[in-house]
Structure formats: C-alpha cells, structure tokens
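The values are calculated or read from the model by the stated rules, or taken from the named source; none is laboratory data. On a predicted model such as this, the values are computed, not experimentally measured, just so you know. Quick reminder, even Gly has a Cβ in these numbers, built from the backbone with ideal geometry, and neighbours come from all protein chains shown.
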C-alpha cells in the first residue's frame with residue numbers, strides 16, 4: 001500500500017469540470033486533446049503514474065479557469081491507445097490533496113505543487129458508514145431514478161459495500177461542479193452520504209443536476 005511519504009510534491013493536473021474522482025474509486029477517461037495525451041505519456045514514465053483531478057474554478061481577473069483548492073489524485077492502472085491516437089485510461093483514486101501553487105514549466109499541461117497532509121484516511125482501508133440506513137436510502141434513490149426516468153441494477157446496489165455504493169453514485173450522478181466539490185471535500189463517508197442524499201432530494205424538488213452522465 002502506498003504511503004503518504006511516497007507521494008510526489010508536484011503532479012500534473014487535469015481540470016475537468018464535473019468529473020469526480022474519489023479515493024479507492026475508479027474513473028474512466030477518454031483522452032484526445034494533444035496536451036493531455038502528452039500528460040498521459042509523461043505520467044506513465046514516472047514511478048507514481050499519478051494525475052490530479054481538480055474542478056475548474058472561476059477566479060476574478062484571471063485569464064482561463066482557476067482551480068479548486070482540493071482535488072484527488074489517481075494512479076493510471078489501465079490504458080489503451082486507439083488507432084487514431086486517443087487514449088482510454090482508468091484512474092484509481094489514491095488520495096485527495098490541497099493545491100499549494102501552480103508550477104511554471106515547459107509542459108503543455110498544468111502542473112501543481114500539492115500537499116497531502118490531512119488526508120491520511122484516504123490511504124487506509126475502505127471506510128464504513130455505521131449510521132447508514134440502506135433501506136431508506138435505496139427507497140429515496142428509487143424515487144429519484146423514477147423521477148428522472150433512470151434505470152439501475154438494484155441487486156448490485158443492494159449488495160454493494162457502503163463506500164462503493166456512496167462513492168459510485170457521487171461520481172456518476174450529474175450534479176453541478178460545486179456539488180461535486182462538496183462531495184469530494186466531505187470529511188467522512190457518512191458526511192458524503194448525507195450530502196448525496198441532500199443533493200438527490202434537492203434534485204427531486206426541481207433543482208438542477210439530476211441526470212446520469214453518459
């Protein structure tokens with residue numbers, strides 16, 4: 001198991017709005033922009049093979065998007081190249097981090113100095129949610145899916161471990177970037193589950209962000 005001391009101080013950053021990666025979860029990515037193709041190739045040459053997923057953030061007076069303070073790094077565990085030069089990549093969530101500062105350099109993609117302090121739990125074993133009322137949660141989720149005309153493999157959802165269930169839904173449901181950031185920054189699995197339920201209930205009341213990503 002990777003230790004915090006083994007994590008690099010500087011990592012490449014992929015600012016992709018709405019794409020959420022969480023520790024111990026997996027995120028498939030379709031890479032086609034030249035700068036990010038270069039990022040994948042460079043990352044594969046490093047021992048850690050880490051890429052930092054960060055939500056873009058509007059910063060007054062800045063040209064181009066800024067970055068949220070907290071992101072999550074993922075290790076490239078699978079990749080394949082298509083005939084036309086695109087990459088299909090899978091990132092395994094490793095640990096959240098805080099952006100310290102952007103690093104200037106010759107790379108076409110963004111790189112940041114990051115701090116891993118405060119996220120020790122991310123590198124540990126799977127989290128449990130002792131206060132999780134799964135039956136009530138699934139009833140709420142069923143109403144939400146019905147409202148949005150969505151389908152689900154309910155047998156799989158019922159059998160999934162707490163963390164897999166909550167994190168997978170947090171990543172897959174199409175909430176606003178700010179909502180995705182709130183799910184990322186949740187200090188515990190139970191807090192993330194409570195945030196997720198709040199977002200689902202808000203969406204059923206007519207709020208934005210209630211459809212599944214393709």
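Residue count for region 122-136, restricted to those that are exposed (fewer than 15 other Cβ atoms within 10 Å of the Cβ) and touching a residue at least 60 places away in the same chain (Cβ under 8 Å): 3. The sole residue among 21, 67, 29 that is over 13 Å from the mean Cα position of the chain (by Cα) and in contact (Cβ under 8 Å) with a residue 12 or more places away in the chain is 67.
Yes/no matrix, rows are residues, columns are (1) outside any helix (DSSP H, G or I); (2) more than 16 Å from residue 93 (Cα to Cα); (3) under 17 Å from the mean Cα position of the chain (by Cα):
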residue: 150; (1), (2), (3): yes, yes, no
residue: 155; (1), (2), (3): no, yes, no
residue: 167; (1), (2), (3): no, no, yes
residue: 171; (1), (2), (3): no, no, yes
residue: 180; (1), (2), (3): no, no, yes
residue: 183; (1), (2), (3): no, no, yes
residue: 194; (1), (2), (3): no, yes, no
residue: 198; (1), (2), (3): no, yes, no
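The sole residue among 22, 27, 44, 37 that is more than 24 Å from residue 81 (Cβ to Cβ) and either out of contact with any helix residue (DSSP H, G or I) (no Cβ under 9 Å at 6 or more places or on another chain) or modelled with pLDDT of 95 or more (or both) is 22.
Pick from 123, 165, 150: which is more than 17 Å from residue 13 (Cα to Cα) and out of contact with any strand residue (DSSP E or B) (no Cβ under 7 Å at 6 or more places or on another chain)?
On the way: 123 fails: out of contact with any strand residue (DSSP E or B) (no Cβ under 7 Å at 6 or more places or on another chain); 150 fails: out of contact with any strand residue (DSSP E or B) (no Cβ under 7 Å at 6 or more places or on another chain).
Every option except 165 fails the conditions.
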